[in-house]
Amino acid sequence: MKIDILTLFPEIALAPLSDSIIQRARGAGLVEVRGHNLRDWSEDKHRRVDDSPCGGGPGMVLQPGTLHAAIMALKKHNTRVILMTPQGAPLKQARVRELSAETHLLIVCGHYEGIDHRIVETLIDEEISIGDYVLTNGALAAAVLCDAVIRLLPGALGDSQSAVEESFSDPNLLEAPCYTRPIDFMGMKVPEVLLSGNHAKIEAWREERALERTRQNRPDLSENA
Ligand code: ADE
């Protein structure tokens with residue numbers, strides 16, 4: 001898989017992808033990630049890429065010319081072009097799984113008020129939001145999307161099971177709580193069933209606790225759990 005990230009802040013997008021599991025996946029050649037500075041396509045002598053919104057209002061809008069030139073230069077016949085924006089569809093694990101099967105992602109990061117809508121209409125395949133809050137720019141959101149996608153590439157996770165038995169493998173269920181040694185920590189004991197060796201009982205306990213946790217933390221999901 002190849003991922004190109006188009007942003008005003010390539011360092012912000014790449015920093016979280018330069019360590020640990022994701023860096024290992026990159027080192028092993030499972031994915032090639034490159035950051036590109038949008039300003040490199042600006043034709044302005046001051047490398048300007050934005051202007052004020054038509055119709056007035058605060059902030060600045062990324063201009064279509066620079067975005068068009070950059071996207072056309074980076075896009076290939078098999079590219080999925082994604083815009084990171086709080087106006088996008090909320091990212092879910094099922095979509096992450098589908099995107100991990102793509103050959104080439106071009107992730108465009110918004111900034112300020114957003115990007116000129118003519119680019120959204122003509123060159124963007126899909127708009128994605130990582131949550132109902134607003135970040136200062138899309139570079140962090142791009143890093144979140146890349147992390148979620150790359151960890152699902154075959155070989156990225158040490159134990160391939162860990163991607164199967166986790167929260168949102170079932171989209172309406174969180175994972176059960178987990179424990180490790182010591183068995184007694186400050187007087188708090190690991191639930192006995194987990195030490196019983198009875199796998200059927202452990203499975204039933206985990207299912208029950210997963211439901212309980214979903215009801216507590218995500219009442220919106222638990223209606224469907
Ligand atoms: N850019 C700013 N906020 C964002 C969000 N919540 N999701 C995706 N991109 C963003």
Tabulated pairs, the stretch 57-81, first more than 11 Å from residue 108 (Cβ to Cβ), second hydroxyl-bearing (Ser, Thr, Tyr) and crowded, with 16+ Cβ neighbours inside 10 Å, C-beta under 9 angstrom, 6+ apart or interchain: 59/112; 60/112; 61/112; 63/42; 65/42; 66/42; 69/42
Selection count where residues are at pLDDT below 95 and open to solvent by 30 Å² or more (accessible area, probe 1.4 Å), scope the stretch 94-132: 2
Unique residue being of a type in the set (A, V, I, L, M, F, W, C) and either open to solvent by 60 Å² or more (accessible area, probe 1.4 Å) or not assigned by TED's automatic domain parsing to the domain that holds residue 141 (or both) when the list is 15, 69: 15
Test for residue 36: is it more than 18 Å from residue 142 (Cα to Cα) and not β-branched (Val, Ile, Thr): no
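Table: residues versus (1) more than 17 Å from residue 92 (Cα to Cα); (2) open to solvent by 50 Å² or more (accessible area, probe 1.4 Å); (3) outside the structural domain of residue 97 (by TED's automatic domain parsing).
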residue	(1), (2), (3)
172	no, no, yes
177	yes, no, yes
180	yes, yes, yes
184	yes, yes, yes
188	yes, yes, yes
201	yes, yes, yes
207	yes, yes, yes
215	yes, yes, yes
Residue selected from the stretch 93-106 under the condition in contact with a strand residue (DSSP E or B) (Cβ under 8 Å, 6 or more places away or on another chain) and in a loop (DSSP other than H, G, I, E, B), by the criterion farthest from residue 31 (Cα to Cα): 102
Selection within the stretch 120-161 - within 15 Å of the ligand (Cβ to nearest atom), part of a helix (DSSP H, G or I) and of a type outside the set (D, E, K, R): 120, 138, 139, 140, 141, 142, 143, 144, 145, 146, 148, 149
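For every residue, the table says whether it meets (1) within 16 Å of the ligand (Cβ to nearest atom); (2) more than 26 Å from residue 133 (Cβ to Cβ); (3) touching a helix residue (DSSP H, G or I) at 6+ places or on another chain (Cβ under 8 Å).
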position: 6; (1), (2), (3): yes, no, yes
position: 24; (1), (2), (3): no, yes, no
position: 33; (1), (2), (3): no, no, yes
position: 40; (1), (2), (3): no, yes, yes
position: 64; (1), (2), (3): no, yes, yes
position: 75; (1), (2), (3): no, yes, yes
position: 79; (1), (2), (3): no, yes, no
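The values are calculated or read from the model by the stated rules, or taken from the named source; none is laboratory data. Just so it is clear, the structure is predicted and the values come from calculations on it, not from any experiment. Positions of Cβ are backbone-derived with ideal geometry, glycine not excepted, and every protein chain shown enters the neighbour counts. Accessible surface is based on the protein model in full, side chains and every heavy atom, while ligands, DNA and RNA are left aside. Shrake-Rupley method; radii C 1.70, N 1.55, O 1.52, S 1.80 Å.
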